[in-house]
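Derivation of every value follows stated rules applied to the coordinates shown; laboratory data play no part. Please read all numbers here as calculations on a predicted model, not as lab measurements. Virtual Cβ from ideal backbone geometry, glycine too; neighbours counted across all protein chains shown.
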Amino acid sequence: MTHVVTENCIKCKYTDCVDVCPVDCFKEGPNFLVIDPDECIDCAVCVPECPANAIYSEDDLPSDQKQFIEINAELTPKFAPISRAHEPLPDADEWNGKSDKLQFLDRG
């Protein structure tokens, strides 16, 4: 089992979660983070750190977010490793909480 970054991260890309990850399993794309399912140890320390509430245990994913299991796995080899937090995208606060953001996902 692993944790999964979901739709609300798109166009926000807060990186608070990255600093607490003990195994550096996050990868960074242009406007989205993913969790490498092969590296995640399911410790859950990232979940409360996410200001967008965009990280879930695979078992707790809302039904409308299940596709993000595949999206995280697909984008992991394409995105660069990230191990330190930095500023979110400039308009992150405006995008936080908006629905139907999958169309804006930049797969890099």
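Once every DSSP H run of n ≥ 4 in the chain is given -39500 (n - 2.57) and the sum is divided by its residues, what mean residue ellipticity at 222 nm do you get, rounded to the nearest 500 deg cm²/dmol?
Rounded to the nearest 500, the figure is -4000 deg cm²/dmol.
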Lysines whose Cα lies under 16 Å from that of Lys13, excluding same-chain neighbours fewer than 8 positions away: Lys27, Lys98, Lys101
Cα lying deepest toward the dipole's positive end in the chain, options His3, Gly108, Val20, charges on Cβ: Gly108
Value of D in µm² per second that Stokes-Einstein yields for the chain, Kirkwood Rh from Cα pairs, at 10 °C (1.306 mPa s): 119 µm²/s
